[in-house]
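Report on one structure; see the data block that follows.
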Amino acid sequence: MKSSIKCSNDKRTPPCSEEHALYLKKLRRKKHFVHFMQFAILIVFIAVWELLGRLGVIKTFIFSSPSRVAATVARLYSNGELFMHIGITTLETVAGFLIGTLIGTLIAVLLWWSPTLSRILDPYMVVLNALPKIALGPIIIVWVGAGMKAIILMALLISTIVTIMTVLSGFNEISGENQLLMRTLGANKLQTFFKVVLPASVPTVMSALKLSVGMSWVGVIVGEYLVSKAGLGYLIVYGGQVFKLDLVMAAIAILCVLAALMYYAVAILERIISKRIGRF
């Protein structure tokens with residue numbers, strides 16, 4: 001009796017045929033090409049920026065240059081300020097992101113559980129989602145004071161609203177036929193949620209996490225604009241006020257790196273969860 005072989009695109013699984021091996025090789029080549037082009041675009045951008053600055057096409061006083069940005073980062077490191085500012089901003093962002101995502105997911109579950117409550121709160125959620133969160137900054141400062149609490153609360157509010165809207169939308173898009181089948185088989189709503197709705201919503205939840213990462217950084221930087229005396233947002237505001245554009249560009253470059261690292265951490269988490277769900 002011949003055993004059936006299940007083909008998989010997982011690189012750890014051996015190919016089940018020569019055609020499948022060629023297909024996997026083509027996928028790897030395409031993946032490597034995409035990564036190469038991403039890296040090449042970054043290198044070309046940095047090189048052109050530096051070249052235009054050295055040739056005087058752009059004013060380095062206003063637009064800075066990669067070499068001046070690198071020198072500014074090195075100076076912050078030598079002064080012992082670099083990791084202090086990075087640590088403060090990262091702590092505020094991670095705290096706002098984690099708390100906001102947790103609260104937003106729980107509220108989304110509650111609204112899915114009670115369609116009546118969801119319909120009641122729907123207009124308020126739409127208004128909160130459309131409201132520029134920076135408008136709440138002065139109120140938050142009055143409530144909790146000018147400090148790290150206000151900054152974390154700004155990030156928390158933004159990530160919470162984004163998570164609620166995205167996750168709830170994902171829950172509501174799950175096929176009603178599958179849920180009806182579960183209830184026909186005698187499953188209660190809690191079992192239906194954990195067996196059908198939640199596993200099918202993993203991609204949506206991961207997308208919400210990715211959106212929440214970016215919005216948390218926005219909330220933290222806006223908060224640091226308003227009240228902070230340390231952090232990358234503070235460096236941007238201070239550099240703009242004293243016309244130290246090298247400092248502004250250096251802080252923005254560091255923010256880009258940190259945001260990318262946090263985004264890829266969520267992407268890795270998504271792959272791990274997807275593989276574990278795929279085993280069941």
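Observations
- Residue match in segment 213-220 (condition: more than 21 Å from Ile99 (Cβ to Cβ), buried (at least 23 other Cβ atoms within 10 Å of the Cβ), at pLDDT 85 or above and out of contact with any Asp or Glu (no Cβ under 8 Å at 6 or more places or on another chain)): no
- Filter result for Ile86 (in contact with a helix residue (DSSP H, G or I) (Cβ under 6 Å, 6 or more places away or on another chain), in a helix (DSSP H, G or I) and hydrophobic (A, V, I, L, M, F, W, C)): no
- Single condition Ile268 does not satisfy, out of (1) closer than 19 Å to Phe83 by Cα; (2) free of Cβ contacts under 8 Å to residues at least 60 places away in the same chain; (3) among the hydrophobic types (A, V, I, L, M, F, W, C): (1)
Per-residue answers, yes or no, for (1) touching a helix residue (DSSP H, G or I) at 6+ places or on another chain (Cβ under 9 Å); (2) at pLDDT 75 or above; (3) assigned by TED's automatic domain parsing to the domain that holds Ile221:
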position: Cys7; (1), (2), (3): yes, no, no
position: Lys11; (1), (2), (3): yes, no, no
position: Lys26; (1), (2), (3): no, yes, no
position: Lys31; (1), (2), (3): no, yes, no
position: Ile41; (1), (2), (3): no, yes, no
position: Ile46; (1), (2), (3): yes, yes, no
position: Leu52; (1), (2), (3): yes, yes, no
position: Ala70; (1), (2), (3): yes, yes, no
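- Hits in segment 54-68 (condition: in contact with a helix residue (DSSP H, G or I) (Cβ under 9 Å, 6 or more places away or on another chain) and assigned to a helix (DSSP H, G or I)): Arg54, Thr60, Phe61, Ile62, Phe63, Pro66, Ser67, Arg68
- The one condition from (1) closer than 30 Å to Lys149 by Cα; (2) touching a helix residue (DSSP H, G or I) at 6+ places or on another chain (Cβ under 7 Å); (3) exposed (fewer than 10 other Cβ atoms within 10 Å of the Cβ) that Gly80 does not meet is (2).
- Applying the criterion of at least 1 residues that are assigned by TED's automatic domain parsing to the domain that holds Arg271, touching a residue at least 60 places away in the same chain (Cβ under 8 Å) and within 30 Å of Ile272 (Cβ to Cβ) to the helices (runs of 4 or more DSSP H) found wholly in segment 95-211 leaves 148-172, 189-192.
- Matching residues, segment 31-60, being under 22 Å from Cys256 (Cα atoms) and aromatic (Phe, Trp, Tyr): Phe36, Phe39, Phe45, Trp49
- Members of segment 268-277 found to be surrounded by 12 or more Cβ atoms within 10 Å (Cβ to Cβ) and farther than 12 Å from Pro199 by Cα, listed by number: Leu269, Glu270
- Selected residue (criterion: nearest to Ser67 (Cα to Cα)) from residues of segment 232-277 that are of a type outside the set (Phe, Trp, Tyr) and over 24 Å from the mean Cα position of the chain (by Cα): Asp246
- Residue within segment 92-101 that is surrounded by fewer than 18 Cβ atoms within 10 Å (Cβ to Cβ), of a type in the set (A, V, I, L, M) and more than 23 Å from Ala251 (Cα to Cα) present: yes
The values are calculated or read from the model by the stated rules, or taken from the named source; none is laboratory data. Please read all numbers here as calculations on a predicted model, not as lab measurements. Every residue, glycine among them, receives a Cβ derived from its backbone with ideal geometry; neighbour counts consider all protein chains shown.
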